[in-house]
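So the structure is just underneath, and the comments pick up after that.
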Amino acid sequence: MDVGDDQLELVALPPLSPTMELAFSEALEDLSELDKGEEPAVIKLETPVVQNWKSDADLMSLRMATPPPSALRNHVDMSPSDKDVKGINDSAEAKRARRTAIEKKSRQRRQEMLKRMQEEVMQLENVYAEIVKRKAGGEERRDTRRYDSTPLSSASMDELQRKYTELSLVAHALEQDQTALRELLQGHKLFQQAVKLFADEKEAEQAVWNSGIPPSSSFSVQFRPLSPAKCSNFVRQTYQEIEQFCEIDNFESTGANFMGWTDKRKVDHELKVLQFCFTKQFPLENAEHLLMQTWNIFSNGSKMAEMSFDNSVRTRFEVLQILNDNLIIIRRDHKIPSMPMTFVSVQLIFRLETPTGYTMCSRTIPAPKIQQAMEPHEYFYDAFHWYDVCLSGYVFCSLVII
């Protein structure tokens, strides 16, 4: 029996599938048939017949003592020994042919079984490789009820590999962009801090408007800020004085009208001052807008210098304190070329709403430290003037200088 092609490599396999069980059953049937057909061939030889030869006297009594030659030939041809040997040879050849057919059929079945087993092993290996790959890539499906044993094609694997490479490159580029953006953001922060510092310095410089006032040691004196309560008390006292002035009727007037402004004047003998009041009607103006324009002029050094003096007068304007949007304290210096003196004043400027409209006032307040540090060419002067914007059908504005 040739078994060179039927040698199988032993492999540890899982429980047999229905296909493999069927193959093994067929193989066992072939083996059983082969066992049945392989009974040992027994050649049966006939026992020679012992003939009792008669005596010569008996032979002589026979009708035919000696048979004819033809009868002798017939007797030789019909020998039982020759017939038995021929039958035995035919029976051995038939068994050998049957044995060969059974072995061939068994070999074919074993080859088919081996082929089916190899296909199933290959299929299981593909399924296992796909499961391992999905698990490693985080792509394992949660629905375990669906089971697909179809292996991934080489084209799909190449496409996945290409996409993975592209995503890796994109992730690397994004990391580089993130680093660059962080550096750029840090640079912007530093630039913003530098600009803010520069703006603060510029604002501090703009807080002092100086067009050529002679230097003085009083410029370096720090003004002591006033408390909100003290400022409110000062505003209340000033507004009471404004109301008392408006109640006086004994004014003198020249009767002149200059660009719509009419004048009133009064001499205060107790204070030894001359008080002026100028009034003008603005029929096309809004009271709030007019008040805002006036406030913007008095709270800005360059605008105040442009409105109050000509180009020959040198001025200096410094904001000392900002309490809120409606109250500030300033220092104002101006020098007239024809005079050797520099006039200095520290003023509180405020605005408020009244029953008849709006009032904006600028009044000198004491500043002991600044006054003590002033030099001989400086003179501290007192100023008190306000603007009344009245709403009585038309907008009236009164400028009072005391």
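Can you tell me which residues in segment 309-336 are under 19 Å from Pro225 (Cα atoms) and free of Cβ contacts under 8 Å to residues at least 60 places away in the same chain? Those that are under 19 Å from Pro225 (Cα atoms) and free of Cβ contacts under 8 Å to residues at least 60 places away in the same chain: Ile322, Asn324, Asp325, Asn326, Ile328, Ile330, Arg332.
The set of residues in segment 248-289 that are assigned to a loop (DSSP other than H, G, I, E, B) and closer than 28 Å to Glu353 by Cα comprises Ile248, Asp249, Asn250, Phe251, Met259, Gly260, Pro283, Leu284, Glu285, Asn286.
Which one of these is more than 25 Å from Pro214 (Cβ to Cβ) and assigned by TED's automatic domain parsing to the domain that holds Leu274: Ala367, Ala287, Ala373, Ala305?
On the way: Ala367 fails: more than 25 Å from Pro214 (Cβ to Cβ); Ala373 fails: more than 25 Å from Pro214 (Cβ to Cβ); Ala305 fails: more than 25 Å from Pro214 (Cβ to Cβ).
The match here is Ala287.
Evaluate segment 293-307: report whether one residue or more is under 54 Å from the mean Cα position of the chain (by Cα) and either in a strand (DSSP E or B) or of a type in the set (Val, Ile, Thr) (or both). Scanning segment 293-307, I find at least one residue that is under 54 Å from the mean Cα position of the chain (by Cα) and either in a strand (DSSP E or B) or of a type in the set (Val, Ile, Thr) (or both), so the answer is yes. Here Arg142 passes the criteria (1) in a helix (DSSP H, G or I); (2) at pLDDT below 80 except the one numbered (1). Among the residues of segment 295-328, just one is surrounded by 18 or more Cβ atoms within 10 Å (Cβ to Cβ) and more than 25 Å from Ser218 (Cα to Cα), namely Trp295. For Glu353, the conditions (1) surrounded by fewer than 21 Cβ atoms within 10 Å (Cβ to Cβ); (2) within 23 Å of Gln240 (Cβ to Cβ); (3) in contact (Cβ under 8 Å) with a residue 60 or more places away in the chain all hold with the exception of (3).
Conditions (1) of a type in the set (Lys, Arg); (2) at pLDDT 90 or above; (3) in contact with a helix residue (DSSP H, G or I) (Cβ under 7 Å, 6 or more places away or on another chain), marked per residue:
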{"residue": "Met341", "(1), (2), (3)": "no, yes, no"}
{"residue": "Gln347", "(1), (2), (3)": "no, yes, no"}
{"residue": "Phe350", "(1), (2), (3)": "no, yes, yes"}
{"residue": "Gly357", "(1), (2), (3)": "no, no, yes"}
{"residue": "Arg363", "(1), (2), (3)": "yes, yes, yes"}
{"residue": "Met374", "(1), (2), (3)": "no, yes, yes"}
{"residue": "Ala383", "(1), (2), (3)": "no, no, no"}
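When Gln275 is tested against (1) under 23 Å from Asp382 (Cα atoms); (2) exposed (fewer than 14 other Cβ atoms within 10 Å of the Cβ), exactly one condition is not met: (2).
Every listed requirement among (1) at pLDDT 90 or above; (2) closer than 28 Å to Pro355 by Cβ is met by Lys335 save one, (2). When the residues of segment 101-130 are filtered to those that are of a type in the set (S, T, N, Q) and surrounded by 14 or more Cβ atoms within 10 Å (Cβ to Cβ), the one that is farthest from the chain's Cα centre (by Cα) is Ser106. No other residue among Leu181, Leu197 is part of a helix (DSSP H, G or I), modelled with pLDDT under 80, more than 30 Å from Thr356 (Cβ to Cβ) and not assigned by TED's automatic domain parsing to the domain that holds Val344 apart from Leu197.
The values are calculated or read from the model by the stated rules, or taken from the named source; none is laboratory data. Just so it is clear, the model here is predicted, and its values are computed rather than measured. Note that each Cβ is placed from the backbone with ideal geometry, even for glycine, and that neighbours are counted across all protein chains shown.
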